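The values are calculated or read from the model by the stated rules, or taken from the named source; none is laboratory data. Every value quoted in this text rests on a predicted model; they were computed, and no experiment measured them. Here Cβ is always computed from backbone atoms with ideal geometry, including for glycine, and neighbour counts include all displayed protein chains. What goes into the accessible areas is simple: the full protein's heavy atoms, side chains included, and nothing from ligands, DNA or RNA. Shrake-Rupley method; radii C 1.70, N 1.55, O 1.52, S 1.80 Å.
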Amino acid sequence: MTSGLSPNASWAASLGGCTIGGRYELDAPLGVGGMGAVFAATDVVRAAKVALKLMLPAMLRDGSCRARFQLEAHAGAVLG
């Protein structure tokens, strides 16, 4: 664990440089909350900077958290 960081922040920090879904390269976490972390990332398909939110691993087991996360994703997509 990274010194001085919460477990969730340490998890988020450890993902910097990872590629998600073969498309999104994670740069750095922008913020970590109770449900997920938002990252500055690059969409390598569009060669564009994006923000990408990932759900915390502990939340994946909770169906209501997954449903809320999907609603947030849909709302974000609609807003563009």
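As a fraction of the 1.4 Å probe accessible area of the chain, surface on carbon and sulfur atoms comes out at 60 percent. Solvent-free Debye calculation, one equal scatterer per alpha-carbon of region 10-55: log10 I(q)/I(0) at 0.17, 0.25, 0.29 Å⁻¹ equals -0.40, -0.82, -1.05. At full extension, Ala73 and Cys18 could sit 17.7 nm farther apart than now, given 0.36 nm per residue minus the alpha carbon distance.
Over the chain, accessible surface divided per residue gives 64 Å², non-protein components excluded, 1.4 Å probe.
Residue ranges 52-59, 73-80 sort as 52-59, 73-80 when ordered by packing (mean number of other C-beta atoms within 10 Å per residue, highest first). Relative contact order of the chain: 17 percent, from C-alpha pairs under 8 Å at least 6 residues apart in sequence.
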